[in-house]
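For reference, the structure discussed in these notes is given below.
The values are calculated or read from the model by the stated rules, or taken from the named source; none is laboratory data. Remember, it's a predicted structure, so these values are computed and weren't measured experimentally. Reconstructed Cβ throughout: ideal geometry from the backbone, glycine too, with neighbour counts over all protein chains shown.
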Amino acid sequence: MRGETPVADPHDALDRAVAWLLAQQDPAGWWSGELETNVTMTAEQVLLYRFLGLDLESIRAGARHHILHEQRADGSWALFYDGPADLSTTIEAYVALKVLGLAPESDPMRRALAVIHRLGGVTSARVFTKIWLALFGLYPWDGVPSLPPELVYFPLWMPFNLYDFACWARGTVAPLTIVVSQRPVRELGVRVDEIVVPGTEPERHRVRGKGWLMLIERAQKLYERLPWQPLRARAQRKVAQWIVERQEFDGSWGGIQPPWVYSLIALALQGYPLDHPVMRKGIEGFARFEISDRRGWRFQACMSPVWDTVWAMRALALAGVARDHPALARAVQWVLDEQIADDAPGDWRVKCPGRVGNGWAFEFDNDAYPDIDDTTIVVLALLEAGDPARVREAVERATTWTLAMRSENGAWGAFDRDNTRALLYDMPFSDFGAMIDPPTEDVTAHAVEMLAALGYAPAHPVVARALAYLRETQRADGSWFGRWGVNFIYGTWCAISALAAIGSGDDMIARGAAWLCTVQNADGGWGETAYSYHDESFAGIGVSTPSQTAWAVNALQLAGLGQGSEAQRGLAFLRARQRPDGTWDEPQFTGTGFPRDFYLNYHLYRHVFPTMALAADRHAAVQEITARKEQLSRS
């Protein structure tokens, strides 16, 4: 009809998304979006600079701007976007701002201090915050739980040996045994006595905990007062050597902030000068993790180039980008080059000795810590986007390693095999973060999806046990828990992806899809906040986000419900909220570091997963058109 506005092709959204993604690729072949966390990363970097005597002037203005930019109207800082006020995060931000020169009588500082007092003051903070303050004499060391360096001598069978801890906790606890046992105090340049709520002063000298481990804690405190401590100095030297042996090529430890900063502090306490090659390399390595823009200067907890790259590859392949496209060719080569050598050292070998093959790590250079989650998705990306002959050897090596890393219950954790000693959570020290790395639903699902792509059948013993695990862990409402993504929407998408790929568990798929339909928002999207880690009644509840909507839509597509009203409304949500440049906005944190304690906003999630959902819809439409043409030709 004349004058009628033409209806836009719904698939234009996919074309714009693909164009945006291609434009973001680094010339070397990888993608890496910002990995946004809370402000403690920046605040602790400020405190680290002060402890090591590094010049703060280069970051002073930018760090102050970033911390203030993230402060909320009530004066607090949170662990995730729109989350509740977090006491420890607020304390660390407050102290860092004071170091950076912000006047205590300024409005942001007055509001922050009011929050600190309302939430109980420093005595109610987590152990890591107390350690940072103790380093500068702002909190008494006798109120910090003990961590004896003698742990380095504990054999594998003995509780609390270093390899009982998850790799990220192991890399943090080891240097902290030096820090906590030496009890250093250096000058911060400011006082923060005001963060102590009047009347709680005596509480600062008490370690919180319960049970029989508190008896060990008290014994440790008595031992620390003795003038003669057999083995302690030798144990500290052995821990220091353990630390040095695990420094990565880029200067980091594990490619993540906590082991990195505490390792530098520990080595400094052991007498390593700043110009020592290990120290210099560690400090210079910070540059890659720093970001400075209109939001200020900040430090990333880690980076995700391998993870981001392989999801980008999968999205482009699903969108119909040819295997010989230059972007995919570069990405495939970069990924192949990133596979860790079979004989490379790694902590995973302690419980998996003599194994061949190897996988991929999360980041550029943390080769000591390949992980199953990255490795399985890398294999899928190589199979979908690479030349089969070109990727065959790498895939075979990765498959061998993945199978070797399977835990006794037939499922997979992220970094280690059978890392399940939950006793660690009873330690007085263990009040923040995940201490162990047990098998989880999402990682196991990715392993099953990889094995399906390699031709494994549901009846194969390895697959059968993994499928039994997924059946056991499906919740009564049909959803699955998500360890590394927020939360039940993510876990359910992962499980359905695996079950659909392997061609088994139709009843589980149906129940999972039905649950997703029940939690769809009125606007057609899906959302879930990190509150669901604290209270499962929040499962599937939250403001709609592009990444979580895409997970739900893709799960429904794989469940055979892609043309249903729920999936189509989800796709409409994605198309309507796409920015003119082809991407999406998503301030919400939909990635998980430690459930209940540390969350992530992967800036590429908002893009790659909507692209995949849109691509799957176009693929289904093309298949339908092709089928109709074939039917007409036969009639």
- Query: In region 525-552, how many are in a helix (DSSP H, G or I), surrounded by fewer than 24 Cβ atoms within 10 Å (Cβ to Cβ) and of a type outside the set (A, V, I, L, M, F, W, C)?
  - Reply: 6
- Item | Conditions (1) under 26 Å from the mean Cα position of the chain (by Cα); (2) more than 23 Å from G209 (Cα to Cα); number of the one not met by R111 | (1)
- Message: of a type outside the set (D, E), part of a helix (DSSP H, G or I) and either surrounded by fewer than 19 Cβ atoms within 10 Å (Cβ to Cβ) or assigned by TED's automatic domain parsing to the domain that holds F415 (or both): is that true of Q241 in this structure?
- Response: yes
- Message: Being touching a Lys or Arg at 6+ places or on another chain (Cβ under 7 Å) and not assigned by TED's automatic domain parsing to the domain that holds F128 is true for just one of A19, A13. Which residue is that?
- Response: A13
- Query: In region 488-510, is there at least one residue being closer than 29 Å to A621 by Cβ, without any contact (Cβ under 8 Å) to a residue 24 or more places away in the chain and in a helix (DSSP H, G or I)?
  - Reply: yes
- Please go through region 279-315 and pick out each residue that is small (G, A, S), surrounded by fewer than 19 Cβ atoms within 10 Å (Cβ to Cβ) and under 16 Å from Y49 (Cα atoms). A287
- Task: Could you tell me whether any residue of region 203-218 is small (G, A, S) and under 24 Å from A422 (Cα atoms)?
- Result: yes
- Which one of these is of a type in the set (A, V, I, L, M, F, W, C) and in contact with a strand residue (DSSP E or B) (Cβ under 9 Å, 6 or more places away or on another chain): V115, V127? V115
- Item | Extreme residue, surrounded by the fewest Cβ atoms within 10 Å (Cβ to Cβ), among residues of region 322-345 that are touching a helix residue (DSSP H, G or I) at 6+ places or on another chain (Cβ under 7 Å), charged (D, E, K, R) and in a loop (DSSP other than H, G, I, E, B) | D342
- Restricting attention to region 553-574, report how many residues are part of a helix (DSSP H, G or I), surrounded by fewer than 22 Cβ atoms within 10 Å (Cβ to Cβ) and among the small types (G, A, S). 2
- Query: So is T518 more than 26 Å from D437 (Cα to Cα), assigned by TED's automatic domain parsing to the domain that holds W584, polar (S, T, N, Q) and within 23 Å of the chain's Cα centre (by Cα) or not?
  - Reply: no
- Message: in a loop (DSSP other than H, G, I, E, B), over 17 Å from the mean Cα position of the chain (by Cα), at pLDDT 95 or above and not small (G, A, S): is that true of T583 in this structure?
- Response: yes
- Task: Could you list, in sequence order, all residues of region 117-134 that are buried (at least 22 other Cβ atoms within 10 Å of the Cβ) and assigned to a loop (DSSP other than H, G, I, E, B)?
- Result: G121, A125
- Please go through region 263-292 and pick out each residue that is within 19 Å of the chain's Cα centre (by Cα) and either farther than 17 Å from T37 by Cβ or not β-branched (V, I, T) (or both). F286, R288, F289, E290
- Query: Which of the residues that make up region 427-478 are in a helix (DSSP H, G or I), among the acidic types (D, E) and surrounded by 15 or more Cβ atoms within 10 Å (Cβ to Cβ)?
  - Reply: E441, D442, E449
- Message: Consider region 135-151. How many of its residues are in a helix (DSSP H, G or I) and within 17 Å of R170 (Cβ to Cβ)?
- Response: 3
- Note on the structure: Within region 499-523, the residues that are buried (at least 19 other Cβ atoms within 10 Å of the Cβ) and at positive phi are G505
- How many residues, within region 197-210, are modelled with pLDDT under 90 and loosely packed, with under 10 Cβ neighbours inside 10 Å? 1
- Message: Based on this model, can you work out whether D250 counts as of a type in the set (D, E), outside the structural domain of Q623 (by TED's automatic domain parsing) and not in a helix (DSSP H, G or I)?
- Response: yes
- Message: Could you tell me how many of the residues in region 64-111 are farther than 22 Å from A301 by Cβ and in a helix (DSSP H, G or I)?
- Response: 6
- D367 vs (1) surrounded by fewer than 24 Cβ atoms within 10 Å (Cβ to Cβ); (2) in a helix (DSSP H, G or I): all pass except (2)
- Message: Of the residues W348, W401, only one is in a helix (DSSP H, G or I), outside the structural domain of S124 (by TED's automatic domain parsing), surrounded by 24 or more Cβ atoms within 10 Å (Cβ to Cβ) and in contact with a Lys or Arg (Cβ under 9 Å, 6 or more places away or on another chain); which?
- Response: W348
- Query: What do you reckon, is S106 of a type outside the set (A, V, I, L, M) and either within 30 Å of G527 (Cβ to Cβ) or at pLDDT below 95 (or both)?
  - Reply: no
- When you look at W360, is it assigned to a loop (DSSP other than H, G, I, E, B), touching a residue at least 12 places away in the same chain (Cβ under 8 Å) and not assigned by TED's automatic domain parsing to the domain that holds E248, yes or no? yes
- Query: Conditions: (1) more than 21 Å from V144 (Cβ to Cβ); (2) surrounded by fewer than 17 Cβ atoms within 10 Å (Cβ to Cβ); (3) not β-branched (V, I, T). E194 meets all but one. Number of the miss?
  - Reply: (1)
- Task: Examine region 160-177 for a residue that is aliphatic (A, V, I, L, M), under 25 Å from the mean Cα position of the chain (by Cα), assigned by TED's automatic domain parsing to the domain that holds A219 and not in a helix (DSSP H, G or I), and state whether such a residue exists.
- Result: yes
